[in-house]
Amino acid sequence: MKLKSLALAAAVTVVALSSLATNTAFAQAKEQFFPVLSYRTGPYGPNGAPFADGYVDYLKLVNARDGGINGVKITYEECEFGYATDRGVECYERLKGKGPTGATAFHPLSTGVTFALTEKVPTDKVPLVTSGYGRSESADGGVFKWNFPLVGTYWVAADVLIQHLGKLEGGLDKLKGKKLALVYHDSPYGKEPIALLQERAKMHGFELVLLPVAHPGVEQKATWLQIRQQRPDYVLLWGWGVMNSTAIKEAVATGYPREKMYGVWWSGAEPDVKGVEEGAKGYNALALQHGAGRSRVHTEILKYVHDKNQGTGAKEEVGTVLYTRGVMAAMLTVEAVKRAQENYGKGKSMTGEQVRWGLENLALDQKKLDALGFAGVMRPVSTSCVDHMGSAYARIQTWSGSAWRFSSDWYQADDQIIRPMVKSAADKYAAEKKLTRRTPADCQSVG
């Protein structure tokens, strides 16, 4: 009798464990893990924090409003790396295998970390999303299968700025004999636009003066002394964090007209004019499609996240430039998961490889963007095997002394100039790394 009882107990235990394993597997299959690489400290913290807040708040919105991604709950973990490339790589290694199916995708918010991870992600099969930054040639999906510089690269940014300056002068031919100075962060990020600017300089006959600024950018007196001496017609600013506000303050001190200054989209946010406000009036910067201000997606974040005391940062930052950029980055990744689910099964947790396919097949028309709450914020995004960027539009915004306001219509980067540069640089990378361009069969595969 005792043996029968033991056997029965053992059988019940086996069934219970089996049931627990099944339930655990089911629970795991209903989660999608989003790693969050962030920097909230140091000289870049004031710019890095609102981006991370916007990114995480959008993930929280999808959980609270939609119940996750077609029923799959979003989970996330943040890893602070202080904009240090080595620490960013450490965060990547720590988070890439988390979640039931591993990391969904990484947004490093650092061109240096992007360069470091570009060779790792093909082996780990995790997408690398770099909206508005990273390697410009990674728009070529034929070589960079795992990189996605969605909605813009630094070559797009530089090209649009030159188009705008040409328009101001009455035509690109009027740039001949002009002098343009590039004040740039002396890092892979700051050096990215140089190739495009040099190409445009050859085409239009303007002089390009290169003025690197050492990390973190708080010491620029020598740089602005050169600007005072050389008197360029325009200054292009490729800064980040404290470097931006320092540059504007030095321009004020030097007497360089702020209306002749044009920043990249990482030099055109609220922290960049903090402490200068009225002195920065007239300063211009690119907008990565979106600007400052609240749209429907922001009101829904306030309703479903902040009003429930679940907000990641301060309520007041909702709708600021970098916060919205974080929201946009998160939305693009969530939509890639949805796109992947259309092929691999709705209600299922997607692997990094499946999400990669979703990123490569994004089809966000205006109707879909408007339905998501991004009316007036973004233009359509459509990616493919060969185009991992999906959109090449930008606008100019100008600081009024108290707020950012759009001051131009949409510009589209000139594909006739950029496409050959992208292919040439991608081919060079492929030759160096002994890579073969993807075949048509690989492009058509959903596996």
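The values are calculated or read from the model by the stated rules, or taken from the named source; none is laboratory data. A quick note: this is a predicted structure, and the numbers were derived from the prediction, not measured. Positions of Cβ are generated from backbone atoms using ideal geometry, with glycine treated the same way; all protein chains shown enter the neighbour counts. Heavy atoms of the whole protein, side chains included, go into the accessibility calculation; ligands, DNA and RNA do not. Shrake-Rupley method; radii C 1.70, N 1.55, O 1.52, S 1.80 Å.
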ask   = Within region 291-310, is even one residue open to solvent by less than 20 Å² (accessible area, probe 1.4 Å), of a type outside the set (A, V, I, L, M, F, W, C), in contact with a Ser or Thr (Cβ under 9 Å, 6 or more places away or on another chain) and under 19 Å from His107 (Cβ atoms)?
value = no
key: Residue that is nearest to Gln397 (Cα to Cα), among those in region 241-267 that are assigned to a loop (DSSP other than H, G, I, E, B) and open to solvent by less than 10 Å² (accessible area, probe 1.4 Å)   = Val264
task = Restrict the check to region 195-204 and report whether at least one residue is polar (S, T, N, Q), part of a helix (DSSP H, G or I) and within 20 Å of Asp427 (Cβ to Cβ).
result = yes
message = Looking at region 329-375 only, could you name the residues that are in a loop (DSSP other than H, G, I, E, B) and open to solvent by 40 Å² or more (accessible area, probe 1.4 Å)?
response = Lys346, Lys348, Thr351, Asn361, Asp365, Ala375
ask   = List pairs: first in region 95-115 and within 21 Å of Tyr344 (Cα to Cα) and open to solvent by 10 Å² or more (accessible area, probe 1.4 Å), second at pLDDT below 95 and not acidic (Asp, Glu), Cβ under 9 Å, 6+ apart or cross-chain?
value = Gly99/Gln28; Pro100/Ala25; Pro100/Ala27; Pro100/Gln28; Pro100/Ala29; Pro100/Lys30; Thr101/Gln28; Thr101/Ala29
note = By residue number, the members of region 116-128 that are crowded, with 24+ Cβ neighbours inside 10 Å and of a type in the set (A, V, I, L, M) are Leu117, Val126, Leu128
task = May I ask you to list pairs of residues, at least six apart or on different chains, whose Cβ atoms are under 9 Å apart, with the first in region 365-390 being under 18 Å from Gln412 (Cα atoms) and the second being among the polar types (S, T, N, Q) and loosely packed, with under 15 Cβ neighbours inside 10 Å?
result = Asp365/Ser382; Met378/Gln366; Arg379/Gln366; Pro380/Gln366; Gly390/Ser382; Gly390/Ser384
query = For region 381-436, what are the residues that are on the phi > 0 side of the Ramachandran plot and either among the β-branched types (Val, Ile, Thr) or more than 22 Å from the chain's Cα centre (by Cα) (or both)?
reply = Gly401, Lys434
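Matching residues to (1) in contact with an Asp or Glu (Cβ under 9 Å, 6 or more places away or on another chain); (2) within 22 Å of Gln310 (Cβ to Cβ):
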position	(1), (2)
Ile74	yes, yes
Tyr83	no, no
Gly97	yes, no
Pro100	yes, no
Ala105	no, no
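Table: residues versus (1) closer than 23 Å to Ala336 by Cβ; (2) part of a helix (DSSP H, G or I).
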{"site": "Phe33", "(1), (2)": "yes, no"}
{"site": "Thr41", "(1), (2)": "no, no"}
{"site": "Ala49", "(1), (2)": "no, yes"}
{"site": "Leu59", "(1), (2)": "yes, yes"}
{"site": "Lys73", "(1), (2)": "yes, no"}
{"site": "Cys79", "(1), (2)": "yes, no"}
{"site": "Pro108", "(1), (2)": "yes, no"}
key: Subset of region 397-428 that is closer than 27 Å to Ser138 by Cβ and touching a Phe, Trp or Tyr at 6+ places or on another chain (Cβ under 6 Å) - its residue that is surrounded by the most Cβ atoms within 10 Å (Cβ to Cβ)   = Gln397
key: Evaluation of Gly345 against (1) small (Gly, Ala, Ser); (2) under 21 Å from Tyr133 (Cα atoms); (3) without any contact (Cβ under 8 Å) to a residue 40 or more places away in the chain (one fails), failing number   = (2)
